Each structure stands twice: as C-alpha cells, then as structure tokens.
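Shown next, in structure tokens, is the structure this report addresses.
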Ligand SMILES: [Cu+2]
C-alpha cells in the first residue's frame, strides 16, 4: 500500500519532529511524559518529500545506545490512516537516554529522549 504521495498538502500534526532529505515525521506519545516501567503508545505521521511511503514497511523500535540494549518488548504497529500509524507495546524499563528508531520504507530516522 502506497500512501501520502508527494509533499504538497501533506501536513504533520504537532509533536516531536524528525526529518531527513526525503521524509519528515512527527510523533507523540500517550501519556506525553514517558515514565520508567510504564507502557505507552506512540502515534506517528509521515510526509515523504517526494515519492510515496510503503506502509507495509514501517517498523518502530527503541534502544539505549550507551547500554547496548533494546526494549524487552516488541512494538506492534497498525496503520490508522494515510501515513499515520499507531504503535503500542512500548515500555522503557530503565532511566537514561533512549533512542527511538523509525524505519519507513528505506528511510531510518532516530530521535533521542531522556527518561528520568
Ligand atoms: Cu539501559
């Protein structure tokens, strides 16, 4: 399934924004403040700057780069609408720096957050 072709008319909802030359995303979590050991959900919207995204190839994960480990859980991603995705199963089990990894088709975007 190809969604959200081209940048024209593609607007990202408010949230943390990450982009590279080819795609821009925004995401937010619920609850907004991530707490250690508490599950959260994450919604992500994407705007390819050209071409289209292959929604079948969207993956999300997170790790603690300094500790060289990931989460203890696998995230489930489901499409909500064109280029919008809801994911659940997130849980950060330690305080410190976590790095989200969003893979959208061939694109890989990362975003760091600090969890107290
Ligand atoms: Cu750790």
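No value in this document is a laboratory result; all are computed from the given coordinates. Source: prediction; values computed, not measured. Don't worry about glycine lacking a Cβ; one is built from the backbone with ideal geometry, like all the others, and counts go over all protein chains shown.
Annotations
- Fewest-first sequence of 73, 27 by Cβ atoms within 10 Å of each Cβ: 73, 27
- Exposure proxy for 116, 99: other Cβ atoms within 10 Å of each Cβ, ordered fewest to most, give 116, 99.
- Distance between the pseudo-spin-label points of residue 20 and residue 94 (7 Å out from Cα toward the beta carbon): 2.6 nm.
- Order of 18, 36 - criterion: other Cβ atoms within 10 Å of each residue's Cβ, fewest first: 36, 18
- Applying the Kirkwood pairwise sum to the alpha-carbon positions of the chain produces a hydrodynamic radius of 14.4 angstrom.
- Modelled this way, with points 7 Å down the Cα-to-C-beta line, the labels at residue 72 and residue 113 are 1.9 nm from one another.
- Using the Cβ-Cβ distance between residue 33 and residue 103 with R0 set to 22 Å, the FRET efficiency works out to roughly 0.30.
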